[in-house]
1. Within the stretch 250-276, how many residues turn out to be open to solvent by less than 40 Å² (accessible area, probe 1.4 Å), more than 14 Å from THR212 (Cα to Cα) and without any contact (Cβ under 8 Å) to a residue 60 or more places away in the chain?
2. Going residue by residue through the stretch 160-183, is there one that turns out to be touching a Ser or Thr at 6+ places or on another chain (Cβ under 8 Å), free of Cβ contacts under 8 Å to residues at least 40 places away in the same chain and surrounded by 12 or more Cβ atoms within 10 Å (Cβ to Cβ)?
3. Could you tell me whether LEU88 is within 52 Å of the chain's Cα centre (by Cα), at pLDDT below 55 and open to solvent by 90 Å² or more (accessible area, probe 1.4 Å)?
4. Name the residues in the stretch 253-271 that are small (Gly, Ala, Ser) and part of a strand (DSSP E or B), would you?
5. Of everything in the stretch 233-247 that's in contact with a strand residue (DSSP E or B) (Cβ under 8 Å, 6 or more places away or on another chain) and in a loop (DSSP other than H, G, I, E, B), which residue is surrounded by the most Cβ atoms within 10 Å (Cβ to Cβ)?
6. Which ranges mark the strands (runs of 3 or more DSSP E) fully within the stretch 155-206 that have 3 or more residues being of a type in the set (S, T, N, Q)?
7. Please verify whether ARG213 is assigned to a loop (DSSP other than H, G, I, E, B), under 16 Å from PHE167 (Cβ atoms) and of a type in the set (Lys, Arg), treating the condition exactly as stated.
8. Determine whether LEU230 is buried (at least 17 other Cβ atoms within 10 Å of the Cβ), outside any loop (DSSP other than H, G, I, E, B), in contact with a Phe, Trp or Tyr (Cβ under 8 Å, 6 or more places away or on another chain) and at pLDDT 95 or above.
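The values are calculated or read from the model by the stated rules, or taken from the named source; none is laboratory data. For clarity, every value in this text was computed on a predicted model and none was experimentally measured. Reconstructed Cβ throughout: ideal geometry from the backbone, glycine too, with neighbour counts over all protein chains shown. Protein only, heavy atoms only, side chains kept; ligands, DNA and RNA dropped before computing areas. Shrake-Rupley method; radii C 1.70, N 1.55, O 1.52, S 1.80 Å.
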Amino acid sequence: MKHLAAIVLTLAACVCALWLAPGPSHVDAQLGPGIEKGCPAGTYPLVGGTTMNASNGNRRQSFCVDSSGNITVNVETLQQAGVGPVFLPINLAGGAGVVTGTLPGANMSATNLAGTGNGGVTGSLPFTSVSGTATTAQIGTGTPAASKYVDGATDAWTVLPASAPSFLQAGAATFSPATSATYFFGQLYSESPSPNIALVSRIYVGRAGTLTRADYYHFCGAAAIGTFTLTVNINGTTDVLSANIAGTGCTAGVTGSATGSTAVNAGDYLTIKMVTPAAPPTGDRWTATVTVQ
C-alpha cells in the first residue's frame, strides 16, 4: 500500500507541474548557427516559412508572424535567381492598396518603360513631370545646327527654308512718251513718268536681300513700231534686271521679265528706268514688280 500511495502521489505531482507550467513561448529571431537571416525582433518564424540557401546550406526566415498573428514578408531574404529581392505586385491603378508619393529617380533605373514584357509600363507621362535636359539625339535625328529645326513629319533636323521673298510694286499714270527718251517712274500710280529721277517717288528696300527678278507690264492706247527697254535702277546709279518690251501689240497688253542676282541693303531705293523707241505708242501705262529674295 505504501508503494502504491507513493506512485499515486508522484503521478499527481507530475500532473500539477504540467498544469501549472507556462505554455511554450515564441523565441524572437536571432542569428545563430545555420541561420543567415532571422525575423525582426518581436516576430518569430512562421511554420513552414523558413527556406534554405542551397549555396551554403544556411536557413532564411522568410515569413514572420507577430503575437497578434500578423504575417510579414522578410523581403531581404527573398531572392530571385539568387541575385536580388522579389517584390510582390503593387497596385498602381488606384483603389485598395494604391501607392502614392514620388519615387526617387535613382530608383527608376531598372524600370521597363517599353510597355511589353514583365513590368511593362504603358500610358502617357505628363509633360509637366519631365525635367532635365534632353540631348539633341533625343529631340530629332540627323545633325542639329542653328539653321535647322525638327520636322514634325520626319522627326529629322531640317534646314530652315529661305526667307519668303518681298515683292516691291511700281506703277505710273497714263502718258504719251517722247521719241527715244529716258523716263523714270516709282511707286505712285498717280504719278506720270519723269525724265528727272529726282522727281520720281522712290521704292525703298525694307531689308537686306537680293534682287532676283523684275516683271514689267505695258498697255497702250495706240500701238507703234519699236521696243522699250526697262531696267531697275538702284540708288540712282546702277541699272539691273533689263528687259526689252515690244511696242507692237501693247493695246492688248504685253509683258517682259528679267532675272538676275544683285545684293541690296535695307534703305536702298529703286526706280524703274524706261528708254522709249523711235516711234513710241501713245496713251502708255506701266507697272512693274521687283522680287527681293
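1. Matching residues across the stretch 250-276 total 4.
2. Taking every residue of the stretch 160-183 in turn, none turns out to be touching a Ser or Thr at 6+ places or on another chain (Cβ under 8 Å), free of Cβ contacts under 8 Å to residues at least 40 places away in the same chain and surrounded by 12 or more Cβ atoms within 10 Å (Cβ to Cβ).
3. Yes, satisfied.
4. GLY256, SER257, ALA258, GLY260, SER261, ALA263
5. Residue satisfying both the conditions and the ranking: GLY247.
6. On the way: elements: 157-159, 166-175, 182-185.
Result: 166-175.
7. When the stated conditions are applied, ARG213 does not pass them.
8. On the way: buried (at least 17 other Cβ atoms within 10 Å of the Cβ): yes; outside any loop (DSSP other than H, G, I, E, B): yes; in contact with a Phe, Trp or Tyr (Cβ under 8 Å, 6 or more places away or on another chain): yes; at pLDDT 95 or above: yes.
Judged against the criteria, LEU230 is a match.
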